[in-house]
Amino acid sequence: MTRQTSSDLSIINLRAATLAVAEQGVPVHGADALGLALHTNGHLGADLLKVPPHARFPIHVHPGDHLLLCLEGEGTISIDERTYQVRPGDIYMVPGQVPHAVGAGEAGHTLLAIGAPHKPVDSPERMSFTDWAGTVSDLPLFA
C-alpha cells in the first residue's frame, strides 16, 4: 500500500488502501463507518472512510475545512437541510463548523477525506454532533 521513496516522502496507492480499509480500518468516532489514516503532518491530513450500505453519519461539524472525494459507491451529502447525490469521481468541500451529514447508498460509499486541522478518525475531537443550526447536541441527529 505504501512506498517509501525518501525520508520525507511516502506514496500511498489509493486502490490498495481502499481494499485495506476493511481489514485495517478503525471505527470512526460517532458514525457507522471505518476509517484508515493515510497521511498527516499534524495539521493537514488524509483518511479513507468506508461507509457501509445504507449507513449514515449524523448531522455534525468539524473544527476545520475538509475536502471529500468519492472513490466508490453512491451516497449523499446533506448541507443546509438539502441532500445532494454523490457518485465516484465527485469532489466537494465542506467548510469548518458548517453542519452536514453523509450517507451511503446500496453498495456503500468510500471517501477520501482531506482536512485541516486533521484529527484521527477515532478521536472525539474530529466531529461534534449538532442540529442544522449548529447547536451542539449530545445525541446524534440524522438528516
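What follows draws every value from the coordinates through simple rules; no lab data is involved. In this text, all values refer to a predicted model and were calculated from it rather than measured experimentally. All Cβ positions, glycine included, derive from the backbone under ideal geometry; neighbour counts span all protein chains shown.
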Order of 80, 47 - criterion: other Cβ atoms within 10 Å of each residue's Cβ, fewest first: 80, 47
Per-selection Rg to Rh, region 46-139 - Cα, Kirkwood hydrodynamic radius: 0.93
Residue among 103, 78, 118 farthest towards the positive dipole end of region 11-143, charges placed on Cβ: 118
Electrostatic dipole magnitude of the chain [Cβ: Lys, Arg +1; Asp, Glu -1; Cα centre; debye, to 20]: 280
Charge context of residue 133, other residues only, Cβ under 12 angstrom, K/R +1, D/E -1: -3
Options 21, 2, 130, ranked by Cα towards positive dipole end of the chain, top entry (Cβ charges): 2
Relative contact order computed over region 2-129 (Cα-Cα under 8 Å; 6+ residues apart), in percent: 30
Fewest-first sequence of 92, 84 by Cβ atoms within 10 Å of each Cβ: 84, 92
